[in-house]
Each structure stands twice: as C-alpha cells, then as structure tokens.
Amino acid sequence: MRVPPEMFRFTSGERAELYVAILHAFGEANERLETTLGVDDVRTRLRSVGWLDSLDDKDLIEALGSLRDWKLLDVTQNHAENYRTADEYERRNLQYSLTRRGEAALAGVVHAMSVLASTGALQTAVLDAIADRLGELAAHLGDPAVPDRRIFSTLVELEGHLEALRGNTKQFNGALQRLLRAEGADQETFREVKAATVAYLQEFTTNLEQRAHAIANRIERVEDHGVALLHHRALIGAELPPTAGDDPGVAWMELRRTRWEGLRAWFSPVDGSVPRVQQLFVVARRAIIALLQVLDRITESRRRSTSAAADFRELARWFAAAPSEEDLHLLWSTAFGLGSARHAHLAHPDPELVSSSARWTDAPPVEVSALLRSSGRTERFSRTGRVRDVTAVKATRVERARAERAALKVAWDRLDTGGGIRLSQFELLDHDVLERLLDLLGRALATAPDRHGAHRAGTGDGRVEILLKPPAAHRVQAVIRTPRGVFTSPDYDVEIRTAGGRPARRSPGAAEGTAAG
C-alpha cells in the first residue's frame with residue numbers, strides 16, 4: 001500500500017497546528033451531520049475544538065487553500081443562497097468539505113494520537129468475549145430461524161474483540177519490552193512498577209491455556225456449519241448500500257475471510273504452527289522471569305551499598321596512586337589480611353616433637369583450620385549428634401495417606417451413578433463427598449459443550465468421568481443437603497462413572513440416606 005505523499009503534509013511546517021485544528025473542526029461537523037462549512041462556519045468550529053489564537057481571514061483562506069491543494073478538502077459554490085452584497089457573496093459562496101483522503105488523514109492522526117496515549121493491556125475479558133461470540137455464532141448457524149442481521153451483528157462484535165486483542169497485545173508487548181530494558185534512577189518506583197507488572201502477568205496467564213482451548217473448540221464448531229455460510233448470511237444482514245461501481249460485497253467478503261484467518265492464526269492455525277496466543281504465553285512467562293531477576297538485583301543493590309566489582313575497581317585506583325612499594329605492600333596486607341598471623345597461638349598436637357631450640361623452618365607444620373581464616377575462630381569437634389528416629393513419623397504419614405485414599409475411594413463409590421440421573425437425586429451427601437461432586441461439576445462446566453449441549457470431563461488420573469447435560473426448562477432447582485448447609489443448582493442430568501464402578505443404576509440419594517441413618 002502506497003500512501004499519497006501529500007496526505008500527511010499538513011502535520012509539518014509552521015501552520016501544522018492550524019491545519020490539524022481545521023481538519024478536527026470538519027471532523028466535529030461531520031459528527032453533527034454537517035458536511036459543508038463556509039469560512040465563518042470554520043472559524044466558529046475552530047473555537048469549539050480549542051483554537052483560541054488570533055486568525056485573520058487571509059491566513060484562514062490560505063490554510064484552506066493549502067488543504068485543498070493537498071486534496072484533503074473540496075470546495076464548491078453555494079447557488080442556493082441569496083446574497084445581498086458582494087462581500088457576503090465572497091464569504092458565503094464557497095463551501096468546503098472533507099474529501100475521502102481528508103477523512104482518512106484525520107482518522108490516521110486521531111489513531112496515532114490514541115496509540116501514543118494508550119499503553120495496551122492483556123484482558124482475559126476479551127478472551128471470554130471472543131469465546132462467547134463464537135458460541136453464539138455456532139448456535140445461530142444451527143438455527144435457521146435466527147435472522148441474518150443477528151449473525152451480522154455478532155460477527156462484527158467478534159471481529160471487534162479480536163482487533164482489540166491484537167492491538168492491545170502489540171502495544172502492551174512493546175511497553176513490556178521497554179520496561180525490561182529500562183533502568184531508572186528512582187529504584188523504588190521501578191521496583192513497584194515491575195512488581196505490579198509481574199502480578200499483572202501472572203493473573204493473565206492463569207487459565208490462559210484453558211481459555212485458548214475453549215476458543216479453538218468453538219472455532220471448529222462454527223466451521224462445522226461452514227464459514228462460507230456464516231459470511232454469506234452476515235453479508236445479507238449487513239445490508240450494504242448499492243453503488244454505481246463494483247459490487248461492494250466482494251471486498252466485504254474478502255475482508256471477512258482475512259479476519260477469520262487472523263482469528264485462526266491466533267488460536268487454531270490451519271498449517272499446524274504454534275498459535276499466537278501460545279507465543280503470547282511464552283513471552284509473558286519469560287517476562288515474568290526477567291522481571292523477577294531485575295527485582296532481585298534491585299533488592300540486592302538496596303541491601304548492599306556497593307558491589308564487589310566496585311570495591312575491586314576502587315582498590316585498583318588506590319594501588320595505582322600508591323607512592324612507594326612499601327605502601328603497596330601495606331595496602332595489600334590491609335586489604336586482604338595476608339600479613340596477620342592469626343595462627344601464631346596454635347600449638348603442635350604433640351609438643352614433644354618440637355624442640356625449643358629448633359628453627360621455625362625445621363619445625364613440623366601445624367594444621368590451620370579454614371574457619372580461622374574466614375571467621376577468626378578455630379574448629380571445635382564434639383560428639384556427633386543423635387540421629388532422630390523417624391519411624392513413628394513415617395508410620396503416621398503412611399497411615400494418613402492410607403486413610404485419605406480410602407476416603408477418596410468411598411467418595412467416588414458414592415458418586416458413581418451407574419448411569420444417567422438427575423442432580424436432585426443427590427439429596428443428602430457428606431461435606432467431603434459434596435466437595436468432590438463440585439469439583440467434577442466445575443471441570444465439566446469449564447469444557448466446551450458438544451453439539452447436543454453436553455459437557456464431558458474427567459479427573460487428572462482418568463479414573464472418574466462425568467457427563468453433564470443441560471436441565472429441562474420446566475425443572476426446579478436441585479437441592480442437596482450436607483451437615484454444613486444446603487447446596488442449590490440447576491437440576492442437570494448427570495452421569496458419573498469410575499474405573500471399575502458398578503454398572504447398574506442406583507440412587508445415590510437413597511444410599512446416602514441409608515448411610516446417614
């Protein structure tokens with residue numbers, strides 16, 4: 001794409017602020033459905049957009065002429081007015097309006113300023129909104145009674161959320177990389193900003209893979225109905241106006257296909273490459289590690305006024321400035337302590353082997369502890385401490401683990417329905433069993449429903465599987481009582497099976513009642 005050279009010429013030069021203010025004045029008039037402005041109208045609009053400097057008619061007409069020469073404004077004569085004087089004819093005859101190039105130039109400046117003012121964001125709400133709109137599109141395509149206008153509006157919302165995700169992600173990633181490279185003088189401020197960024201990234205990456213998987217599943221559901229059908233019905237619902245030139249529907253459909261390919265590239269690429277949302281996850285995790293390392297360095301620098309490298313550089317400067325060799329030896333012994341004789345008081349383990357008249361070079365060596373060099377204290381060896389007897393602790397832990405496994409098995413056995421039942425049939429449950437049931441319900445509801453609206457999930461070890469079907473419209477809520485309170489929820493159709501569970505159908509509520517009794 002080649003941008004016309006005159007398109008943004010108005011943003012430079014001595015009159016750049018005036019040119020921008022004039023275009024903003026025309027943009028404000030367009031929002032009020034006023035397409036043409038005279039010289040007096042332009043002057044009035046300039047005051048409304050914040051231009052308060054003095055401006056005579058000559059400068060204003062020259063500025064309008066420059067914008068016209070750059071094909072940003074168009075000028076026409078107003079033949080519908082009645083002019084009483086020649087001066088009134090000169091002022092009110094010419095009517096200025098924005099051209100398409102002028103509208104594009106104004107939109108470009110507004111967008112550039114908004115990008116400079118914004119920092120971007122990683123919003124899980126946008127991911128949830130994309131998943132919701134995809135689910136609505138899949139449901140609409142499966143129902144011929146849904147009007148095409150509804151499909152069009154849902155598709156536009158989906159594309160808007162995707163564009164917001166892409167724009168905010170790019171801006172936030174740029175700001176994040178600049179933050180990683182920044183080294184500010186105010187360490188306290190930078191420490192707070194980077195710590196808050198780490199918490200922000202950690203919150204965003206939580207359940208990111210699960211959200212991305214749900215979006216990919218709903219993309220496949222929409223494609224099962226046909227993307228071509230989706231775009232065709234959306235085109236009908238768009239109600240594009242007729243034009244004298246080429247059919248606008250061709251370019252509209254091509255734009256829709258491009259944006260759908262962009263959606264797939266983010267969450268489910270056709271070529272099998274890594275989804276961009278996964279790349280975003282990797283970038284976020286790397287940024288968390290880098291920021292934590294920077295925070296460690298800031299904390300370490302605050303804890304210690306200087307570093308070892310700075311100490312050695314200062315010591316090197318002292319060596320370079322020493323006036324004599326004796327001063328060099330004195331500085332060396334002072335800095336590293338090699339001249340001190342901390343071991344002079346040590347005696348040989350067998351004093352009889354050392355003669356009082358022998359020279360020190362002929363005397364047997366004395367072992368010097370490394371602890372004496374580092375801390376000034378000699379090592380003292382005492383009796384080895386007793387090894388703690390952990391037999392009782394191990395037995396307690398084994399018994400506790402055995403009891404937990406037994407309680408878990410009992411809970412799964414009580415929840416095994418042996419077939420499909422209603423959730424209200426769990427009339428009475430122990431609190432621990434209810435917690436297992438809620439965990440299974442949460443896992444099921446977190447997955448995308450199939451074509452029939454059923455949710456299927458299982459535990460991490462694969463031993464328990466749940467199939468959850470939506471309740472009928474006429475059912476009342478299910479009520480499950482526990483010793484700690486009452487749990488209410490929609491009366492789903494639920495089927496729970498465990499590995500090696502009972503094949504026969506039974507009533508868990510009755511079993512609980514018997515056990516409670």
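So A287 ticks every box in (1) open to solvent by less than 60 Å² (accessible area, probe 1.4 Å); (2) modelled with pLDDT of 85 or more but one. Which box is left unticked?
(2)
Failed condition for Y19, given (1) modelled with pLDDT under 80; (2) touching a Phe, Trp or Tyr at 6+ places or on another chain (Cβ under 6 Å); (3) among the hydroxyl-bearing types (S, T, Y), with all others met?
Just one mismatch for Y19, condition (1).
Find all pairs meeting these conditions: Cβ atoms under 7 angstrom apart; at least six residues apart or on different chains; first residue within region 38-58 and closer than 18 Å to A16 by Cβ and free of Cβ contacts under 8 Å to residues at least 60 places away in the same chain; second residue open to solvent by 40 Å² or more (accessible area, probe 1.4 Å) and of a type outside the set (D, E, K, R).
V49/H24
Would you check if D148 is over 23 Å from the mean Cα position of the chain (by Cα), surrounded by 15 or more Cβ atoms within 10 Å (Cβ to Cβ), of a type outside the set (V, I, T) and at pLDDT 80 or above?
Answer is yes for this residue.
Which members of region 32-88 meet the condition of being surrounded by 15 or more Cβ atoms within 10 Å (Cβ to Cβ) and either modelled with pLDDT under 80 or farther than 21 Å from R9 by Cα (or both)?
Across region 32-88, the qualifying residues are T36, L37, G38, V39, D41, R43, R45, V49, W51, L55.
Would you please name the residue that is farthest from V366 (Cα to Cα), looking only at residues in region 380-435 that are acidic (D, E) and either within 40 Å of the chain's Cα centre (by Cα) or surrounded by 10 or more Cβ atoms within 10 Å (Cβ to Cβ) (or both)?
Checking each candidate, the answer is E427.
Condition check: exposed (fewer than 10 other Cβ atoms within 10 Å of the Cβ) and at pLDDT 80 or above. Does D350 satisfy that?
no
Going through A472, A499, A457 one at a time, which residue ends up being in contact with a Gly (Cβ under 9 Å, 6 or more places away or on another chain), over 16 Å from L437 (Cβ atoms) and aliphatic (A, V, I, L, M)?
Sole residue among the options that is in contact with a Gly (Cβ under 9 Å, 6 or more places away or on another chain), over 16 Å from L437 (Cβ atoms) and aliphatic (A, V, I, L, M): A499.
Which of the residues spanning region 201-254 are of a type in the set (F, W, Y) and surrounded by fewer than 16 Cβ atoms within 10 Å (Cβ to Cβ)?
Answer for region 201-254, where residues must be of a type in the set (F, W, Y) and surrounded by fewer than 16 Cβ atoms within 10 Å (Cβ to Cβ): just W252.
Does region 318-326 contain at least one residue that is in contact with a His (Cβ under 8 Å, 6 or more places away or on another chain) and either open to solvent by 100 Å² or more (accessible area, probe 1.4 Å) or modelled with pLDDT of 75 or more (or both)? Full working, then the answer.
Of region 318-326, the ones in contact with a His (Cβ under 8 Å, 6 or more places away or on another chain) are none.
Taking every residue of region 318-326 in turn, none turns out to be in contact with a His (Cβ under 8 Å, 6 or more places away or on another chain) and either open to solvent by 100 Å² or more (accessible area, probe 1.4 Å) or modelled with pLDDT of 75 or more (or both).
In region 397-508, which strands (runs of 3 or more DSSP E) lie fully inside it and hold 1 or more residues that are touching a residue at least 40 places away in the same chain (Cβ under 8 Å), closer than 28 Å to D143 by Cα and of a type outside the set (S, T, N, Q)?
Filter on region 397-508 gives 464-469, 493-498.
Can you tell which of E159, E163 is surrounded by 15 or more Cβ atoms within 10 Å (Cβ to Cβ), at pLDDT 75 or above, of a type in the set (D, E) and within 30 Å of N217 (Cβ to Cβ)?
Checking each option against the conditions leaves just E159.
Search region 1-31 for residues being of a type outside the set (D, E, K, R) and in a loop (DSSP other than H, G, I, E, B), and hand back the single one that is surrounded by the fewest Cβ atoms within 10 Å (Cβ to Cβ).
The selected residue is M1.
The values are calculated or read from the model by the stated rules, or taken from the named source; none is laboratory data. Since we're looking at a predicted model, the values are computed, not measured. No Cβ is skipped: glycine too gets one built from the backbone with ideal geometry, and neighbour counts run over all protein chains shown. Ligands, DNA and RNA are excluded from the accessible area calculation, which covers all protein heavy atoms including side chains. Shrake-Rupley method; radii C 1.70, N 1.55, O 1.52, S 1.80 Å.
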